[in-house]
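Chemist: One structure, as structure tokens, below. Some questions next.
The values are calculated or read from the model by the stated rules, or taken from the named source; none is laboratory data. Note that the structure is a prediction, hence the values are computed from the model and not measured. As a convention, Cβ positions derive from the backbone with ideal geometry for all residues, glycine included, and neighbour counts pool all protein chains shown.
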Number of protein chains: 2
Amino acid sequence: MTLKLYNYFRSSTSTRLRAALNLKRLDYDYVPVHLVKGAHRAAPYTTLNPQGLVPALELEDGTVLTQSLAIMEWLDEAYPDRPPLLPEGPVARARVRALAQMIALEIHPVNNLRVMNHHAAAVGGDAEAVKRAWFQHWVHTTFVPLEAMLATSPDTGLYCHGDRPGTADCCLYAQIWNNRRFEVDMTPYPTVTRIFDALDALPAFASAAPARQPDAG
Amino acid sequence: MTLKLYNYFRSSTSTRLRAALNLKRLDYDYVPVHLVKGAHRAAPYTTLNPQGLVPALELEDGTVLTQSLAIMEWLDEAYPDRPPLLPEGPVARARVRALAQMIALEIHPVNNLRVMNHHAAAVGGDAEAVKRAWFQHWVHTTFVPLEAMLATSPDTGLYCHGDRPGTADCCLYAQIWNNRRFEVDMTPYPTVTRIFDALDALPAFASAAPARQPDAG
């Protein structure tokens with residue numbers, strides 16, 4: 001089995017997938033795609049993924065999977081004997097998927113670099129300040145209800161759902177690293193912070209962190 | 001069985017879920033949440049869904065599910081004997097989920113009304129023109145690779161994946177209605193258009209269209 005992970009150290013969707021692969025105890029070849037140099041928008045990468053987004057996972061037979069959430073679902077379906085990323089029971093699974101999607105849908109795509117650049121170019125002025133304000137706004141918009149949902153649910157445990165880390169934790173862990181880059185004040189989110197700290201104490205997560213990757217610069 | 005669907009006729013995520021419920025042949029109570037009047041951002045709706053987004057699905061026992069993609073996964077898991085929204089086989093399922101997520105992650109959240117309003121307020125000028133340009137930009141950014149992926153894959157059939165409509169089709173169908181509101185030129189996307197027309201000929205989809213809902217105004 002040789003899985004090839006096309007990814008970038010600082011990409012939040014890459015971080016979440018690295019954590020998921022680690023939780024499943026799957027080895028993979030790390031293939032860096034240098035986003036800042038635009039390697040994702042040019043051949044040969046665009047022949048693998050016409051959307052030009054990382055990550056992508058290439059299977060042994062050459063099949064290329066895209067979209068990190070779809071790949072995480074595939075990991076559970078292709079390797080049912082490895083530790084599961086989703087809990088048992090349809091309602092529990094729906095809860096974990098919804099928590100994951102709050103981050104992966106409502107925050108991440110809106111705060112993707114290409115979206116922030118497009119917004120900052122239209123606004124003008126200090127691009128870095130405009131992007132930081134935009135980033136923080138959309139994190140807070142979703143982290144307020146996310147904190148409330150995690151803090152009040154009896155289903156929350158050491159991690160987002162009980163005491164076994166999974167899909168929602170992969171998304172949360174990656175998002176917090178991104179938050180730090182953009183100086184998001186985490187004071188209002190004690191439950192999220194507690195879960196991040198618990199995850200960061202696990203080798204599966206810590207070894208997926210951006211600074212630990214071979215292309216980290 | 002009484003499923004309650006909290007939704008809004010023109011909401012794209014609501015349209016995709018209505019189509020999915022119809023494909024599963026499940027009856028539901030239609031509970032309108034008037035987004036333009038802000039009903040989603042106030043009690044009682046925010047007690048059901050603290051995130052204040054539609055749709056939400058309330059089950060008979062009072063459990064509330066949120067995030068349309070998570071709910072569609074739940075529909076397949078909770079009703080395995082009804083027509084499936086995802087095909088068989090992990091790789092095929094990963095393809096359908098990735099196509100769905102191209103629309104549900106890369107386009108929809110960025111073009112959500114609250115994001116467009118926030119962008120337009122920062123840019124200034126003619127808000128409607130600013131929003132239309134933003135909307136069209138993000139549709140084209142993803143529809144170019146989406147068209148290529150659908151047009152070149154042998155897995156594409158009458159619909160996004162083979163000849164049975166499912167999750168990706170629900171997302172595509174809803175997105176096209178939204179595109180029409182914002183006057184997106186569909187000329188470059190003949191495969192997407194062909195699939196939309198095929199879906200619109202099916203009662204499960206046509207009856208989920210925005211204009212057919214009780215709260216359509």
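Chemist: Out of all the residues in the range A:89-100, which are at the interface with chain B (Cβ under 7 Å from one of its Cβ atoms) and either among the aliphatic types (A, V, I, L, M) or crowded, with 24+ Cβ neighbours inside 10 Å (or both)?
Modeler: First, pick out the residues of the range A:89-100 that are at the interface with chain B (Cβ under 7 Å from one of its Cβ atoms): A:90-91, A:93-94, A:97-98.
Those that are at the interface with chain B (Cβ under 7 Å from one of its Cβ atoms) and either among the aliphatic types (A, V, I, L, M) or crowded, with 24+ Cβ neighbours inside 10 Å (or both): A:Val91, A:Ala94, A:Arg97, A:Ala98.
Chemist: Out of (1) touching a helix residue (DSSP H, G or I) at 6+ places or on another chain (Cβ under 7 Å); (2) more than 13 Å from chain B (Cβ to nearest Cβ); (3) closer than 21 Å to B:Pro50 by Cα, the odd one out for A:Pro165 is which?
Modeler: Checking A:Pro165 against (1) touching a helix residue (DSSP H, G or I) at 6+ places or on another chain (Cβ under 7 Å); (2) more than 13 Å from chain B (Cβ to nearest Cβ); (3) closer than 21 Å to B:Pro50 by Cα, the one that fails is (3).
Chemist: Here are B:Pro203, B:Pro210, B:Pro188: which of them is under 19 Å from the mean Cα position of the chain (by Cα) and surrounded by fewer than 16 Cβ atoms within 10 Å (Cβ to Cβ)?
Modeler: Numbers: B:Pro210 fails: surrounded by fewer than 16 Cβ atoms within 10 Å (Cβ to Cβ); B:Pro188 fails: under 19 Å from the mean Cα position of the chain (by Cα).
Going through B:Pro203, B:Pro210, B:Pro188 in turn, just one is under 19 Å from the mean Cα position of the chain (by Cα) and surrounded by fewer than 16 Cβ atoms within 10 Å (Cβ to Cβ): B:Pro203.
Residues checked against (1) closer than 19 Å to A:Met149 by Cα; (2) among the hydrophobic types (A, V, I, L, M, F, W, C); (3) touching a strand residue (DSSP E or B) at 6+ places or on another chain (Cβ under 7 Å):
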{"position": "A:Cys171", "(1), (2), (3)": "yes, yes, no"}
{"position": "A:Gln175", "(1), (2), (3)": "yes, no, no"}
{"position": "A:Arg181", "(1), (2), (3)": "no, no, no"}
{"position": "A:Met186", "(1), (2), (3)": "yes, yes, no"}
{"position": "A:Tyr189", "(1), (2), (3)": "yes, no, no"}
{"position": "A:Thr193", "(1), (2), (3)": "yes, no, no"}
{"position": "A:Asp197", "(1), (2), (3)": "yes, no, no"}
{"position": "A:Ala209", "(1), (2), (3)": "no, yes, no"}
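Chemist: Right, next: Six or more apart or on different chains, Cβ atoms under 6 Å: show the pairs whose first residue is in the range A:124-138 and within 12 Å of another protein chain (Cβ to nearest Cβ) and whose second is in a helix (DSSP H, G or I).
Modeler: A:Val130/A:Ala120; A:Val130/A:Val123; A:Lys131/A:Met116; A:Lys131/A:Ala120; A:Trp134/A:Met116; A:Trp134/A:His119; A:Trp138/A:Ile107
Chemist: Go through the range A:135-166 and give me each residue that's assigned to a loop (DSSP other than H, G, I, E, B) and either modelled with pLDDT under 95 or among the hydroxyl-bearing types (Ser, Thr, Tyr) (or both). Walk me through how you get there before you give the answer.
Modeler: Taking the range A:135-166 first, the residues assigned to a loop (DSSP other than H, G, I, E, B) are A:153-155, A:157-161, A:163-166.
Within the range A:135-166, A:Ser153, A:Tyr159 qualify.
Chemist: Let me ask another. May I ask you to say which residue of A:Leu113, A:Leu86 is modelled with pLDDT under 95 and more than 8 Å from chain B (Cβ to nearest Cβ)? Step through it out loud before you land on a result.
Modeler: Details: A:Leu86 fails: modelled with pLDDT under 95.
After ruling out the rest, the residue left standing is A:Leu113.
Chemist: I need a count of the residues in the range A:25-43 that are free of Cβ contacts under 8 Å to residues at least 40 places away in the same chain and under 20 Å from A:Ile71 (Cβ atoms).
Modeler: Looking only at the range A:25-43, we keep the residues that are free of Cβ contacts under 8 Å to residues at least 40 places away in the same chain, and these are A:27-29, A:31, A:33, A:36-43.
Next, from what is left, pick out any that are under 20 Å from A:Ile71 (Cβ atoms): A:27-29, A:31, A:33, A:39-40.
Of the residues in that region, 7 qualify.
Chemist: While we're on this one: Within 14 Å of another protein chain (Cβ to nearest Cβ) and under 14 Å from the mean Cα position of the chain (by Cα): is that true of B:Gln51 in this structure?
Modeler: Values: within 14 Å of another protein chain (Cβ to nearest Cβ): yes; under 14 Å from the mean Cα position of the chain (by Cα): no.
No: the conditions fail for B:Gln51.
Chemist: Checking the condition outside the structural domain of B:Leu17 (by TED's automatic domain parsing) and over 14 Å from the mean Cα position of the chain (by Cα), which residue from B:Ala104, B:Ala122 passes?
Modeler: On inspection, the qualifying residue turns out to be B:Ala122.
Chemist: A follow-up question, please. Take B:Gly162 and decide whether it is on the phi > 0 side of the Ramachandran plot, outside the structural domain of B:Arg18 (by TED's automatic domain parsing) and touching a residue at least 60 places away in the same chain (Cβ under 8 Å).
Modeler: Values: on the phi > 0 side of the Ramachandran plot: yes; outside the structural domain of B:Arg18 (by TED's automatic domain parsing): yes; touching a residue at least 60 places away in the same chain (Cβ under 8 Å): yes.
So B:Gly162 fits the description; yes.
Chemist: Take the residues of the range B:54-79 that are crowded, with 19+ Cβ neighbours inside 10 Å and among the β-branched types (Val, Ile, Thr): which is farthest from the other protein chains (Cβ to nearest Cβ)?
Modeler: Selected residue: B:Val54.
Chemist: Continuing with this model, one more query. Based on what the data block shows, is A:Glu147 under 25 Å from A:His40 (Cα atoms), acidic (Asp, Glu) and either more than 8 Å from chain B (Cβ to nearest Cβ) or surrounded by fewer than 24 Cβ atoms within 10 Å (Cβ to Cβ) (or both)? First the steps, then the outcome.
Modeler: Values: under 25 Å from A:His40 (Cα atoms): no; acidic (Asp, Glu): yes; either more than 8 Å from chain B (Cβ to nearest Cβ) or surrounded by fewer than 24 Cβ atoms within 10 Å (Cβ to Cβ) (or both): yes.
Taking the combined requirement at face value, the residue does not satisfy it.
Chemist: From the list B:Leu26, B:Leu35, exactly one residue is within 21 Å of B:Pro210 (Cβ to Cβ), modelled with pLDDT of 95 or more, not assigned by TED's automatic domain parsing to the domain that holds B:Thr152 and not in a helix (DSSP H, G or I). Which is it?
Modeler: Details: B:Leu35 fails: modelled with pLDDT of 95 or more.
Result of the check over B:Leu26, B:Leu35: B:Leu26.
Chemist: Let me ask you something else. Given the condition acidic (Asp, Glu) and closer than 23 Å to B:Ser68 by Cβ, answer yes or no: does some residue in the range B:170-188 qualify? Break it down stepwise before answering.
Modeler: So the first thing to find is which residues in the range B:170-188 are acidic (Asp, Glu), and the list is B:183, B:185.
Restricting the remaining residues to those that are closer than 23 Å to B:Ser68 by Cβ gives none.
No, the range B:170-188 contains no residue that is acidic (Asp, Glu) and closer than 23 Å to B:Ser68 by Cβ.
Chemist: Quick one: which residue in A:Asp215, A:Asp185 is touching a Phe, Trp or Tyr at 6+ places or on another chain (Cβ under 6 Å) and either outside any helix (DSSP H, G or I) or charged (D, E, K, R) (or both)?
Modeler: When all the criteria are applied, what remains is A:Asp215.
Chemist: If you check B:Thr66, B:Thr46, which single one turns out to be of a type in the set (Val, Ile, Thr) and touching a strand residue (DSSP E or B) at 6+ places or on another chain (Cβ under 9 Å)? Talk me through it step by step, then tell me what you get.
Modeler: Values: B:Thr46 fails: touching a strand residue (DSSP E or B) at 6+ places or on another chain (Cβ under 9 Å).
Of B:Thr66, B:Thr46, the one residue that is of a type in the set (Val, Ile, Thr) and touching a strand residue (DSSP E or B) at 6+ places or on another chain (Cβ under 9 Å) is B:Thr66.
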